[in-house]
Amino acid sequence: MKVAIIDGYVDEPACLGVPPYMSPYPKYIAGALREQKIPQQDIYYVTIDQLRISPEDAKNKIMNADLVIIIAGMTVPGKYLRASPITPGEIESIFSIVPGTKILGGPIRLGFSKEGGKAANIPEIDVEDVNFAHADIEAFVYDMLQSEANIREPENIVHRFRTVDEIARWSVNGAFIIKQHPDYPHLMCELETYRGCGRKKHCSFCTEALYGASDYRAVADVVSEVSALYDAGARYFRIGRQPDLFTYHATDTDGDIPKPNPQIIESLYRGIRNVAPELRVLHLDNVNPATIAAYPDESRTIMKTIIQYHTSGDVAALGMETADPKVVAANDLKAMPEDVFEAIKLINDVGGTRGANGLPELLPGLNFVHGLQGETKKTFEMNYEFMKRVLDADLLVRRINIRQVMSFPDTPMFGKDVLVKKHKKLFLKYKEMVRKEIDLPMLRKVVPTGTILRDIMCEVSDHITFGRQLGSYPLLVGIPEKLLIGKFIDITVTGHGYRSITGIPYPLKVNQASIKMIQELPGIGKKQALGIVGGMPYKSEQEFLDKNVIGEELLKYIKIS
Ligand code: SF4
């Protein structure tokens, strides 16, 4: 049996699988297939972008497959640099031409919406014989191949969730699949530690509660997975698939938030470093600010552990959602604004030092959601005031994410998102104001002009090249020159946009540099740039200084030969 896995990409509150990220789903499915005796060489993986860009090549794989599996689903709105998630129309087009058995699954089972502010619905796929996995797609695939009868009559399969023991095996057996990803080896492997929110109440909009109680994976299982991925060539990892890393294997208390277990986090990070000694990136995602506020001592210990073992430029994304206490109460949100402020302070205190890749070791990220129940015009003011307070207190935040709620079936928010439309104009105006008055000055503090950032991967190139460091919430860098896609370069930060920066290669080889690049050097205007170009070639730094009216400090950004 030949099997094709089509990765339509996923983006969930606690899981990312849009390039350069690969979600755990393809790996789990590949492992389940291997366990059902499908040979490795008969399991193909293609991304939806490969199907779009080189359809003939990728099409051969799917047309010859006996089983075609599509992974899809966005349960949070996102914008992506060079990838675009699969649409229901594309799913239909693919399934209408493939001859094999068809399976569709992933977070799409929770609903599909094109953008924030729109309600999600289970999409109608107008093709006969599509098997929709209503629970975990990897478990469905495994169960289908369990017997001839299930293959013949998949409608009789009981939809179920996979167990942590199953994914312990499947994640290791399926690690080989990363080699088929077009970004390999520069691929961020999203790692799962657990899913299901450990709170007693759940935020009105969140789909994580639909996964049930927290099902923690054993540390040894996650470490074995990393070891298998590392052996397959993976060097970039993010511990991102969990609602709150700090409560991995936390102790249940009578309160809303379980108590963190710093020793477990230490053994997780130490274990990963032991089996992947030359990893290039180890980042995290998702921390509940209420956990930090409720357990500051444990959280401080955890942060120190993270900084000991991770790579710099790490981001603890905090789901703040709102600074309006009434909205917090009306939606059972996790943290009051004061809790979040304390969490931001603590992360800055422990993680604010600049690390080897040029970014601070560990900074908070902030997520806001608009359109929640109880939102008023005053909510927008309160949110803005909160961000201004953070900025004025000289606290750093790596990025602020502002979105409108996507309401999903089976969440308390479903059908109650009337405020999204009502406040749309206000939302857009306020977002623009935050970009200008908060994001821009914040970015100037996080990466001041002259900062050297290491290992930017060039991803999109025309007359400007856009690149990012591989990592959690990477900063977008525009370089005013066409560079080779896939190349890694160091850059000097030369300018700031609201959400991105401009940079030039570091060190800049002056004798070969274009006037556009020279003009970008810190403190150099157009007239001086013309003078520098006119004086080329330079044989030494001294000659460069003698011929131009510039300060010696410029020498740290350039190279003469
Ligand atoms: S705390 Fe709220 S947003 Fe976070 S996982 Fe739980 S329910 Fe979802």
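Note down all Cβ pairs under 9 Å where the first residue falls in the range 519-542 and is of a type in the set (Asp, Glu), the second is surrounded by fewer than 17 Cβ atoms within 10 Å (Cβ to Cβ), and they're at least six residues apart or on different chains.
Close Cβ pairs satisfying both conditions: Glu520/Gly495; Glu541/Glu552; Glu541/Leu555; Glu541/Ile560.
Run down Asp126, Asp42 and say which single residue is closer than 30 Å to Arg169 by Cα and either of a type outside the set (A, V, I, L, M, F, W, C) or in contact with a His (Cβ under 8 Å, 6 or more places away or on another chain) (or both). Walk me through how you get there before you give the answer.
Working: Asp126 fails: closer than 30 Å to Arg169 by Cα.
Just one listed residue meets the conditions, Asp42.
Counting only residues that are near the ligand (Cβ under 8 Å from one of its atoms) and in a helix (DSSP H, G or I), how many does the range 204-214 have? Quick ask: steps written out before the conclusion?
Keep residues of the range 204-214 that are near the ligand (Cβ under 8 Å from one of its atoms), which gives 205-209.
Right, trim to in a helix (DSSP H, G or I) and you get 208-209.
Number of matching residues: 2.
Suppose we filter the range 151-171 for residues that are out of contact with any Asp or Glu (no Cβ under 6 Å at 6 or more places or on another chain) and open to solvent by 10 Å² or more (accessible area, probe 1.4 Å); how many remain?
13
Condition test on Lys200, is it touching a residue at least 24 places away in the same chain (Cβ under 8 Å), in contact with a Gly (Cβ under 9 Å, 6 or more places away or on another chain) and more than 30 Å from Ala329 (Cβ to Cβ)?
On the way: touching a residue at least 24 places away in the same chain (Cβ under 8 Å): yes; in contact with a Gly (Cβ under 9 Å, 6 or more places away or on another chain): yes; more than 30 Å from Ala329 (Cβ to Cβ): no.
No, not satisfied.
Which one is nearest to Ala343 (Cα to Cα) among residues in the range 241-266 that are within 24 Å of the chain's Cα centre (by Cα) and among the polar types (S, T, N, Q)?
Thr247
Just name the residue that is farthest from Glu208 (Cα to Cα) out of those in the range 75-100 that are of a type in the set (D, E, K, R) and at pLDDT below 90. Quick ask: steps written out before the conclusion?
Of the range 75-100, the ones of a type in the set (D, E, K, R) are 79, 82, 90, 92.
Checking the rest, the ones that are also at pLDDT below 90 come to 79, 82.
Working: Lys79: 21, Arg82: 27 Å.
Restricting to residues being of a type in the set (D, E, K, R) and at pLDDT below 90, the top hit is Arg82.
Take the residues of the range 395-447 that are β-branched (Val, Ile, Thr) and not in a helix (DSSP H, G or I): which is farthest from the chain's Cα centre (by Cα)? Let's see the steps before the verdict.
Going through the range 395-447, the residues β-branched (Val, Ile, Thr) turn out to be 397, 400, 402, 405, 411, 418, 420, 434, 438, 446-447.
Then drop every residue that is not not in a helix (DSSP H, G or I), which leaves 397, 400, 402, 405, 411, 447.
Working: Val397: 16, Ile400: 14, Ile402: 15, Val405: 18, Thr411: 23, Val447: 20 Å.
Restricting to residues being β-branched (Val, Ile, Thr) and not in a helix (DSSP H, G or I), the top hit is Thr411.
Can you pull out the residues in the range 1-13 that are surrounded by 24 or more Cβ atoms within 10 Å (Cβ to Cβ) and of a type outside the set (Gly, Ala, Ser)?
Listed by number, the residues that qualify are Val3, Ile5, Ile6, Asp7, Tyr9, Val10.
For Met413, state whether it is under 30 Å from Arg109 (Cα atoms), touching a residue at least 24 places away in the same chain (Cβ under 8 Å) and not acidic (Asp, Glu). Talk me through it step by step, then tell me what you get.
Values: under 30 Å from Arg109 (Cα atoms): yes; touching a residue at least 24 places away in the same chain (Cβ under 8 Å): yes; not acidic (Asp, Glu): yes.
Yes.
Can you tell me how many residues in the range 542-561 are among the aliphatic types (A, V, I, L, M), open to solvent by less than 40 Å² (accessible area, probe 1.4 Å) and in a loop (DSSP other than H, G, I, E, B)?
As a first pass, look at the range 542-561 and keep what is among the aliphatic types (A, V, I, L, M): 545, 549-550, 554-555, 558, 560.
If we keep only those that are open to solvent by less than 40 Å² (accessible area, probe 1.4 Å) as well, we get 545, 550, 554-555, 558, 560.
Next cut, in a loop (DSSP other than H, G, I, E, B) only: 550, 560.
Number of matching residues: 2.
Of the residues Leu33, Leu110, Leu16, which single one is in the same structural domain as Met144 (by TED's automatic domain parsing), open to solvent by less than 50 Å² (accessible area, probe 1.4 Å), over 30 Å from Glu459 (Cα atoms) and within 16 Å of the ligand (Cβ to nearest atom)? Steps first, answer last, please.
Values: Leu33 fails: within 16 Å of the ligand (Cβ to nearest atom); Leu16 fails: over 30 Å from Glu459 (Cα atoms).
Exactly one residue qualifies, and that residue is Leu110.
Within the range 493-513, can you find the residues that are farther than 16 Å from Ile560 by Cβ and open to solvent by less than 30 Å² (accessible area, probe 1.4 Å)?
Residues of the range 493-513 farther than 16 Å from Ile560 by Cβ: 493-503.
Across the range 493-513, the qualifying residues are Val493, Thr494, Gly495, Gly497, Ile501, Gly503.
Filter the range 36-71 down to the residues that are modelled with pLDDT under 95 and in contact with a helix residue (DSSP H, G or I) (Cβ under 6 Å, 6 or more places away or on another chain), then identify the one that is least open to solvent (accessible area, probe 1.4 Å).
Going through the qualifying residues, I end up with Ala58.
Do we have Asp339 as over 24 Å from Glu192 (Cβ atoms) and either touching a Cys at 6+ places or on another chain (Cβ under 8 Å) or touching a residue at least 24 places away in the same chain (Cβ under 8 Å) (or both) here? Please lay out each step first, then the result.
On the way: over 24 Å from Glu192 (Cβ atoms): yes; either touching a Cys at 6+ places or on another chain (Cβ under 8 Å) or touching a residue at least 24 places away in the same chain (Cβ under 8 Å) (or both): yes.
When the stated conditions are applied, Asp339 passes them.
Give me the residue from the range 176-191 that is outside any loop (DSSP other than H, G, I, E, B) and touching a Gly at 6+ places or on another chain (Cβ under 8 Å) and, out of that set, most open to solvent (accessible area, probe 1.4 Å). Outline the logic, then answer.
Going through the range 176-191, the residues outside any loop (DSSP other than H, G, I, E, B) turn out to be 176-180, 188-191.
Within this subset, residues satisfying the condition of being touching a Gly at 6+ places or on another chain (Cβ under 8 Å) are 178-179, 188, 190-191.
Numbers: Ile178: 3, Lys179: 116, Met188: 0, Glu190: 0, Leu191: 1 Å².
It comes out as Lys179.
What pairs can you find where one residue is in the range 468-490 and in a loop (DSSP other than H, G, I, E, B), the other is of a type in the set (Asp, Glu), and their Cβ atoms are less than 7 Å apart, with a gap of 6+ or different chains?
That search, which allows pairs on different chains as well, returns Ser472/Asp285; Ser472/Asp314; Pro480/Glu520; Lys482/Asp462; Ile485/Glu459.
Before we move on, is Arg195 of a type in the set (Lys, Arg), within 16 Å of the ligand (Cβ to nearest atom) and within 14 Å of Asn286 (Cα to Cα)?
Working: of a type in the set (Lys, Arg): yes; within 16 Å of the ligand (Cβ to nearest atom): yes; within 14 Å of Asn286 (Cα to Cα): yes.
Yes, satisfied.
Of (1) open to solvent by less than 20 Å² (accessible area, probe 1.4 Å); (2) within 10 Å of the ligand (Cβ to nearest atom), Lys201 satisfies all except one. Which?
Answer for Lys201: the failing condition is (1).
Considering (1) touching a residue at least 40 places away in the same chain (Cβ under 8 Å); (2) closer than 27 Å to Glu12 by Cβ; (3) hydrophobic (A, V, I, L, M, F, W, C), say which one Leu440 fails and leave the rest.
Only one criterion in (1) touching a residue at least 40 places away in the same chain (Cβ under 8 Å); (2) closer than 27 Å to Glu12 by Cβ; (3) hydrophobic (A, V, I, L, M, F, W, C) is unmet by Leu440, namely (2).
Which of (1) surrounded by fewer than 24 Cβ atoms within 10 Å (Cβ to Cβ); (2) farther than 23 Å from Arg403 by Cβ is the odd one out, the single condition Pro77 does not satisfy?
Only one criterion in (1) surrounded by fewer than 24 Cβ atoms within 10 Å (Cβ to Cβ); (2) farther than 23 Å from Arg403 by Cβ is unmet by Pro77, namely (2).
Among Val477, Val447, Val418, which is surrounded by fewer than 17 Cβ atoms within 10 Å (Cβ to Cβ) and out of contact with any helix residue (DSSP H, G or I) (no Cβ under 9 Å at 6 or more places or on another chain)?
Working: Val477 fails: surrounded by fewer than 17 Cβ atoms within 10 Å (Cβ to Cβ); Val447 fails: surrounded by fewer than 17 Cβ atoms within 10 Å (Cβ to Cβ).
Only one candidate qualifies: Val418.
Go through the range 317-341 and report how many residues are more than 13 Å from the ligand (Cβ to nearest atom) and closer than 24 Å to Leu362 by Cβ. Can you show your working first?
Keep residues of the range 317-341 that are more than 13 Å from the ligand (Cβ to nearest atom), which gives 323-327, 329-330, 336-338, 341.
Next cut, closer than 24 Å to Leu362 by Cβ only: 323, 336-338, 341.
Going through the range 317-341 one residue at a time, the tally reaches 5.
Checking Phe246 against (1) within 11 Å of Met22 (Cα to Cα); (2) touching a strand residue (DSSP E or B) at 6+ places or on another chain (Cβ under 6 Å); (3) of a type outside the set (Ser, Thr, Tyr), which test does it fail?
(1)
In the range 347-373, how many are open to solvent by 20 Å² or more (accessible area, probe 1.4 Å) and either more than 16 Å from the ligand (Cβ to nearest atom) or closer than 21 Å to Gly198 by Cα (or both)? Walk me through it before giving the result.
First pass over the range 347-373, keeping only residues open to solvent by 20 Å² or more (accessible area, probe 1.4 Å): 348-350, 352-354, 356-357, 361, 367, 373.
Now drop any that are not either more than 16 Å from the ligand (Cβ to nearest atom) or closer than 21 Å to Gly198 by Cα (or both), which leaves 348-350, 352-354, 356-357, 361, 367.
Qualifying residue count for the region: 10.
Go over the candidates Lys516, Lys539, Lys527 one by one and state the one that is loosely packed, with under 13 Cβ neighbours inside 10 Å and in a helix (DSSP H, G or I). Let's see the steps before the verdict.
Values: Lys516 fails: loosely packed, with under 13 Cβ neighbours inside 10 Å; Lys539 fails: in a helix (DSSP H, G or I).
When all the criteria are applied, what remains is Lys527.
The values are calculated or read from the model by the stated rules, or taken from the named source; none is laboratory data. Nothing here was measured: the structure is a model prediction, and the numbers come from that model. Methodologically, a virtual Cβ is constructed for each residue, glycine included, from the backbone with ideal geometry; neighbour enumeration extends over all protein chains shown. Areas reflect the complete protein model, heavy atoms only, side chains present, ligands, DNA and RNA absent. Shrake-Rupley method; radii C 1.70, N 1.55, O 1.52, S 1.80 Å.
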